[in-house]
Amino acid sequence: MSKAKKLDLRTPALSQRWLAVGLLIAVVLVIILVVIVPVVNKEMELHDAKNNLVFRLQQYERILAKKDAVIASMDTIKQQHEEQGYFNSQNTDALASAEMQEFIKKAIVDAGGQLSSTQALPVSNKGKFSRITVRVRMTGNSEVLRAVLYKIETATPLIIIDQIDIRPMRGKRNRTTRQIESSNELNVNFQAVSFMRKQPE
């Protein structure tokens with residue numbers, strides 16, 4: 001048999017071998033794409049999720065480590081707040097209202113004014129606090145009013161002036177000239193508001 005014939009016989013066998021190798025490589029690539037790549041991607045996702053959870057866990061651990069310090073700070077602030085006496089410490093709304101009325105009456109009299117009337121308004125509750133409101137009518141000049149407002153606004157427990165209405169008093173008629181003389185006196189109406197912690201029912 002000649003060399004040319006032998007080469008022709010080997011060529012189909014060689015081609016089949018290369019074809020088989022090519023098919024094997026193709027199968028391996030398909031397996032890599034179908035099985036291994038998704039597994040690797042999933043592993044990377046899980047790794048990222050794990051890192052994220054570890055980071056959040058470290059954050060929570062830092063927060064928990066500061067918990068005692070935060071609670072201590074809150075207790076200190078609460079104690080300081082209570083020591084400042086912003087809230088009325090009476091046991092009932094009625095006692096708180098009476099105490100506020102007595103304080104306002106003394107402030108007006110001490111300033112040289114005249115108290116016309118005080119009236120306790122219904123108590124309103126908001127959350128953990130009760131709002132104590134007293135309606136006040138008084139007369140006095142501008143200096144008296146300034147002194148009264150200053151005394152009330154700087155009071156402890158805290159008292160807030162609300163809905164103030166100031167009107168000049170009508171002057172008196174002069175008996176000699178029969179003319180109405182102007183007056184420095186003022187009619188003043190306002191509401192004074194104080195707060196107390198709501199009593200447990």
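The values are calculated or read from the model by the stated rules, or taken from the named source; none is laboratory data. Computed from a prediction, not measured in an experiment: that's the story for all the values here. Cβ placement follows ideal geometry from the backbone for every residue including glycine, while neighbour counts extend to all protein chains displayed.
Numerical summary
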{"item": "Lone unmet requirement of (1) surrounded by 12 or more Cβ atoms within 10 Å (Cβ to Cβ); (2) closer than 12 Å to V193 by Cβ for K126", "result": "(1)"}
{"item": "Tally of residues being touching a residue at least 60 places away in the same chain (Cβ under 8 Å) and either farther than 20 Å from L186 by Cα or not assigned by TED's automatic domain parsing to the domain that holds I166 (or both) across segment 101-126", "result": "2"}
{"item": "Within segment 150-159, considering residues that are part of a loop (DSSP other than H, G, I, E, B) and touching a residue at least 12 places away in the same chain (Cβ under 8 Å), the one nearest to L186 (Cα to Cα)", "result": "A155"}
{"item": "Subset of segment 162-185 [modelled with pLDDT under 90, of a type in the set (A, V, I, L, M) and not in a loop (DSSP other than H, G, I, E, B)]", "result": "I180"}
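Listed here are the residues, each with its yes/no results for (1) surrounded by 10 or more Cβ atoms within 10 Å (Cβ to Cβ); (2) more than 29 Å from I152 (Cα to Cα); (3) modelled with pLDDT of 80 or more; (4) in the same structural domain as S117 (by TED's automatic domain parsing).
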| site | (1), (2), (3), (4) |
| --- | --- |
| S73 | yes, yes, no, no |
| T76 | yes, no, no, no |
| E83 | no, no, no, no |
| Y86 | yes, no, no, no |
| E99 | yes, no, yes, yes |
